[in-house]
Amino acid sequence: MTAYEPGGDAVDRIVDSIAETATAVRDGLASDRTAKVGTNPSGERQEAADVRADELFEEALLAHEGVGTYASEERQELVDGGSGEYHIALDPLDGSSNLRSNNAMGTVFGIYDAPLPAKGRDLVTAGFVLYGPITTMVVARDGVVADYLIEGETPERLADDVTLPEDPDIYGFGGFVPDWPDDFTAFAREIEQELKLRYGGAMIADINQLLTYGGIFAYPGLESNPNGKLRLQFEGNPIAFVFEAAGGASSDGTQSMLDIEPEGFHQRCPLHVGNTELIERLEASLE
Ligand code: F6P
Ligand code: MN
């Protein structure tokens, strides 16, 4: 059981590049704020910051011999990097619509040792960068979750063994409430009586406060789209991997998200993560 160690083995050095690139992404956010570009492969508005972050990560990651593929939420096709054994899926700038209102955003990464699209069980390391008041990075590797400050040259470890607090405190559920299926709505009505609402519209910011305070986050399947909004390769699998390593649970409604058989790069999935007891209650409510 080893946490990510800056300058360590090939996987750690890939994470080093993500941390280094994230500081460049952050440095350009102010100037990216006014420019607009187009639409991403999932049909969502793409900001200049999304495109710039994607290009910076692509260049940094394909420079590694160990990287065989770079796949990103911002591009239709994966990029072939050669014969490397690691396949990287990235959401370069999660929650980029928060740039306009100057709220927190993130970068999500999954390092798989199987060709993409892959199962969450094929992840060797996953994590995220949070562009909050300070820039931090959470990395899950070998069942250990650690938190790093990434404002200097080298990531500085802030917490060694991040675990989900046992007493849940907060919840955040995405989607338009009238679009929630009745069984999810009934579950939400119960949770509202027990936990405090925290929802900011950028998954990474919401997920990081969940890791800090305990509780449950969901972007459920919707009446209009039973697979919800979030994407399995770039968002669902990495976040589930972090939460399960931190002692929590994940579910697509019936099983761990890490067991979902992938069907495509841009496939969406209902996402529920948090304290195990709450995820079990959610699954019982959706039966
Ligand atoms: O990546 C998609 C995303 O921006 C997530 O970061 C966030 O959780 C979600 O969309 C917010 O969606 P909504 O605006 O529907 O709450
Ligand atoms: Mn996202």
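Any read-out appearing in this document is the output of simple, stated calculations on the displayed coordinates, not a laboratory observation. These numbers come from a predicted model, not from an experiment. Reconstructed Cβ throughout: ideal geometry from the backbone, glycine too, with neighbour counts over all protein chains shown.
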With -39,500 (n - 2.57) per DSSP H segment of 4 or more residues and division by the full residue count of the chain, the 222 nm estimate, nearest 500 deg cm²/dmol, is -8500 deg cm²/dmol
Find the centroid of the Cα atoms in the range 152-182 and in the range 208-276, then give the distance between the two in whole Å.
11 Å
J(HN,Hα) series, the range 194-199, from Karplus relation 6.51 cos²θ - 1.76 cosθ + 1.60, nearest Hz, glycine and proline x
10, 10, 9, 6, 9, 9
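Could you give the dipole magnitude of the chain about its Cα centre, charging the beta-carbon of Lys and Arg +1 and that of Asp and Glu -1, in debye to the nearest 20?
Computed charge dipole of the chain: roughly 800 debye.
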Step through the residues of the range 262-278 one at a time and calculate ³J(HN,Hα) from phi using the Karplus curve (6.51 cos²θ - 1.76 cosθ + 1.60, θ = phi - 60°), rounding each to whole Hz and writing x for Gly and Pro.
x, 10, x, 5, 9, 4, 8, 7, x, 10, 9, 9, x, 4, 4, 4, 6
0 to 90° range, to nearest 10: angle between helix 203-213 axis and the chain longest Cα axis
70 degrees
Relative contact order of the chain: what whole-number percent is it, with Cα pairs under 8 angstrom and at least 6 residues apart?
16 percent
Mind computing the radius of gyration and Dmax over the alpha-carbon atoms of the chain? Å is fine for both.
17.6, 52
Return one number: the angle in degrees, 0 to 90 and rounded to the nearest 10, between the long axis of the Cα atoms of helix 10-27 and the longest principal axis of the Cα atoms of the chain.
80 degrees
Glu223: net charge of surrounding residues, Cβ under 12 Å, Lys/Arg +1, Asp/Glu -1, itself excluded?
-3
Provide the net charge surrounding Gly68, with neighbours chosen by a C-beta distance below 9 Å and charges set as Lys +1, Arg +1, Asp -1, Glu -1.
-2
Amide H contacts of Asp94 (H built 1.01 Å from N, under 5 Å, at least 5 apart or other chain)
Gly106, Thr107, Val108
Would you mind calculating the relative contact order of the range 170-285 from Cα pairs under 8 angstrom and at least 6 residues apart, reporting the percent as a whole number?
29 percent
Which one of Ala22, Val145, Ser224 has its Cα pushed farthest toward the positive end of the charge dipole of the chain, where Lys and Arg give +1 and Asp and Glu give -1 at the Cβ?
Ser224
Amide H proximity to Phe173 below 5 Å, modelled H, separation 5+ or other chain, gives Ala218
